[in-house]
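**Student:** For reference, the structure I am asking about is given below.
The values are calculated or read from the model by the stated rules, or taken from the named source; none is laboratory data. Just so you know, these numbers come straight off a predicted model, no measurement behind them. Reconstructed Cβ throughout: ideal geometry from the backbone, glycine too, with neighbour counts over all protein chains shown.
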Amino acid sequence: MTIAVTGLSFRYGAKLALDQVSFSVAPGFTALLGPNGAGKSTLFGLLTRLFTAPSGIIVMAGHDLARAPRAALARMGVVFQQPTIDLDLTVRRNLVYFAALHGIAGREADLRIQATLERLGMAERANEPARALNGGHRRRMEIARALIHRPAVLLLDEPTVGLDAASRAAIVDHVHDLAAEGLTVLWATHLTDEVRPDDGLLILHKGRILADDTARAIAAGRPLTETFLALTGAPA
Amino acid sequence: MTALIALRAILHREALRFVGQKGRLVAAMVRPLVWLFIFAAGFRAALGLSITPPYQTYITYETYIVPGLLGMICLFNGMQSSLSLVYDREMGSMRLLLTSPLPRWWLLFSKLLAGTVVSLLQCMAFLGIAALWGVRVPPLGFLTIVPALLLSGLMLGALGLLLSSLIQQLENFAGVMNFVIFPMFFLSSALYPLWKMAEASPALATACALNPFTQAVEMIRFALYAQANLPALGWTLLATVIFGAAALWGYDPVRGQMKAKA
């Protein structure tokens, strides 16, 4: 298992945001599905060590996040819900900056960045300010950037927020392709149509894991949306 | 090695952002120059200065306030770069920084140093203009002032970093600017010597002496004349360590300052 979470609890003052959350994620695509306020972003904050929980263990690619945070972070690529691109810098500069934060510089960085740009079809736009890219391209660039240091795990927190339908579908397809190549992907979303039947699926609601299986098994022959709404008690 | 590559990248990014924002450079220069060209001219007649170290002769008021204005550049930059931290954090690029596989203290120090270098460049540009304006600075002073400006920049940047860790919203920050920048600047020896302040109010003079900004300004003042003011240096160093440690505490993942932003 590439991601293993055991007994993770977290509270904001009196409010319990995560309650004894345990799950594991294998290589491939796993969706973390939950309505707004389920605790997805809190879980992401903990998985990326922006803050830490008083109880629970997170192991990323074999490294305990509490004991060896840097080794764990080095094996992790993250795409946050909020854009993290510097819009005033060029596309290439954004990639160079990120590579350097992971200790990649010089010729090695040039090679990886060039390969990334070509994969994105953006080699000609490398010297344009990131501001010139549309929302879909910016997101694709953030995903490609998160892979420059060749992580074992890719974490994405609602990465399609604010994108049009075509860009959204393209990004969902793209990340499924990456997962098919062997990457471990954890994709947080509140949209059931981003989940495919063969994907791993974790349903998070009010800080607890309600279901943990493949999407097909959880849906049990019904449309996933129906099962999801029934489980989370939301009105259909 | 990774740490140095990251430091270089953070410095480079800050420099690119600074060069890219032409308005910021102009604003950074206009503020102290207005004080030097206009305020100092008007104030010269009102304030009589006696001969106190490091000065060995009667000096013009312009000469007196140059170190204070250099301190002002460091003060505004320290607060401004932490303003950009609050903004960065909201924009998400702080997350990018904090999730890179390096010790958090190193990432924050790199960010701090990047802001300080930008501040140093502005100070040197201002000093050059002041010299052309007729403020006499010994040539060696241009060199000896560099470490003093670096330390002042780090101290005030660390204070800004601490504030940014405590403030969750941009709106709150504007208030803190008023409650931090103005009191720090006016309760200091930047515009008037402490003995002058003591004539007006001994209590205010004590408050000024306790202000770390005063200590930074005095350190800069002596360094500009190639002299070391050891007490001022010591106090500034101590303030840097305290503010730096507190900022690190503010950004400690266990304390969970980032959680409100999750």
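**Student:** Are any residues in segment B:191-228 within 21 Å of residue B:242 (Cβ to Cβ) and crowded, with 20+ Cβ neighbours inside 10 Å, and if so, which ones? Spell out the reasoning first.
**Tutor:** Step one: of segment B:191-228, the residues within 21 Å of residue B:242 (Cβ to Cβ) are B:206-220.
Result: B:208, B:211, B:212, B:213, B:214, B:215, B:216, B:217, B:218, B:219, B:220.
**Student:** I'm trying to understand the selection: among the residues of segment A:133-147, which are assigned to a loop (DSSP other than H, G, I, E, B) and either under 15 Å from the mean Cα position of the chain (by Cα) or crowded, with 21+ Cβ neighbours inside 10 Å (or both)? Talk me through it step by step, then tell me what you get.
**Tutor:** From segment A:133-147, those assigned to a loop (DSSP other than H, G, I, E, B) are A:133-134, A:146-147; that's our starting set.
A:146, A:147 - these are the residues of segment A:133-147 that are assigned to a loop (DSSP other than H, G, I, E, B) and either under 15 Å from the mean Cα position of the chain (by Cα) or crowded, with 21+ Cβ neighbours inside 10 Å (or both).
**Student:** Still on this model: Please specify each residue of segment A:24-70 satisfying the condition of being part of a strand (DSSP E or B) and within 24 Å of residue A:214 (Cα to Cα). Can you show your working first?
**Tutor:** Residues of segment A:24-70 part of a strand (DSSP E or B): A:24-25, A:28-33, A:55-60, A:63-64.
Hits for segment A:24-70 are A:24, A:25, A:28, A:29, A:30, A:31, A:32, A:33, A:57, A:58, A:59, A:60.
Here's the yes/no breakdown for (1) surrounded by 21 or more Cβ atoms within 10 Å (Cβ to Cβ); (2) farther than 30 Å from residue A:52 by Cβ; (3) at pLDDT below 95:
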site	(1), (2), (3)
B:106	no, no, yes
B:109	yes, no, yes
B:129	no, yes, yes
B:132	no, yes, yes
B:137	no, yes, yes
B:145	yes, yes, no
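**Student:** Moving on. Restricting to segment B:1-46, name every residue that is touching a Phe, Trp or Tyr at 6+ places or on another chain (Cβ under 6 Å), aliphatic (A, V, I, L, M) and more than 10 Å from chain A (Cβ to nearest Cβ).
**Tutor:** First pass over segment B:1-46, keeping only residues touching a Phe, Trp or Tyr at 6+ places or on another chain (Cβ under 6 Å): B:3, B:9, B:13, B:32, B:40, B:43-44.
Then drop every residue that is not aliphatic (A, V, I, L, M), which leaves B:3, B:9, B:40.
Selection gives B:40 alone.
**Student:** Pairs, please: C-beta under 7 Å, at least 6 apart or cross-chain, first residue without any contact (Cβ under 8 Å) to a residue 60 or more places away in the chain and in segment A:63-80, second of a type in the set (S, T, N, Q)?
**Tutor:** A:66/A:52; A:73/B:99; A:73/B:100
**Student:** Hey, another quick one. Quickly run through segment B:87-131 and pick out the residues that are away from chain A (no Cβ under 14 Å) and among the β-branched types (Val, Ile, Thr).
**Tutor:** Once the filter is applied, which keeps residues that are away from chain A (no Cβ under 14 Å) and among the β-branched types (Val, Ile, Thr), segment B:87-131 yields B:116, B:117, B:118, B:129.
**Student:** Examine segment B:226-246 for a residue that is within 14 Å of chain A (Cβ to nearest Cβ), over 20 Å from residue B:55 (Cβ atoms), modelled with pLDDT under 95 and in a helix (DSSP H, G or I), and state whether such a residue exists.
**Tutor:** Looking through segment B:226-246, none of the residues is within 14 Å of chain A (Cβ to nearest Cβ), over 20 Å from residue B:55 (Cβ atoms), modelled with pLDDT under 95 and in a helix (DSSP H, G or I).
**Student:** Would you check if there is a residue in segment B:18-34 being hydrophobic (A, V, I, L, M, F, W, C), surrounded by 16 or more Cβ atoms within 10 Å (Cβ to Cβ), part of a loop (DSSP other than H, G, I, E, B) and more than 14 Å from the chain's Cα centre (by Cα)?
**Tutor:** no
**Student:** Continuing with the same structure: Please state which of the following conditions residue A:73 fails to meet, knowing it meets all the rest: (1) within 25 Å of residue A:150 (Cβ to Cβ); (2) more than 10 Å from every other protein chain (Cβ to nearest Cβ); (3) out of contact with any strand residue (DSSP E or B) (no Cβ under 7 Å at 6 or more places or on another chain).
**Tutor:** (2)
For (1) buried (at least 23 other Cβ atoms within 10 Å of the Cβ); (2) under 19 Å from residue A:79 (Cβ atoms), each residue gets a yes or a no:
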site: A:10; (1), (2): yes, no
site: A:19; (1), (2): no, no
site: A:37; (1), (2): no, no
site: A:43; (1), (2): yes, yes
site: A:46; (1), (2): yes, yes
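**Student:** Checking the conditions here, which among B:236, B:206, B:214 is farther than 24 Å from residue B:127 by Cα and among the hydroxyl-bearing types (Ser, Thr, Tyr)? Spell out how you get there, then give the answer.
**Tutor:** On the way: B:236 fails: farther than 24 Å from residue B:127 by Cα; B:214 fails: farther than 24 Å from residue B:127 by Cα.
None of the other options fit; the residue is B:206.
**Student:** Give just the number: which of (1) away from chain A (no Cβ under 14 Å); (2) small (Gly, Ala, Ser); (3) assigned to a helix (DSSP H, G or I) does residue B:50 not satisfy?
**Tutor:** The single condition residue B:50 does not satisfy is (3).
**Student:** Restricting attention to segment B:173-221, which residues are of a type in the set (Phe, Trp, Tyr) and assigned to a helix (DSSP H, G or I)? Write out each step before concluding.
**Tutor:** Taking segment B:173-221 as the starting set, the residues that turn out to be of a type in the set (Phe, Trp, Tyr) are B:173, B:179, B:182, B:185-186, B:192, B:195, B:213.
Those that are of a type in the set (Phe, Trp, Tyr) and assigned to a helix (DSSP H, G or I): B:173, B:179, B:182, B:185, B:186, B:195, B:213.
**Student:** Inside segment A:76-92, can you point out the residues that are more than 7 Å from chain B (Cβ to nearest Cβ) and either under 20 Å from residue B:18 (Cα atoms) or assigned to a helix (DSSP H, G or I) (or both)? Step through it out loud before you land on a result.
**Tutor:** Let us first name the residues in segment A:76-92 that are more than 7 Å from chain B (Cβ to nearest Cβ), namely A:76-77, A:79, A:81, A:85, A:87, A:90-92.
The answer is A:85, A:87, A:90, A:91, A:92.
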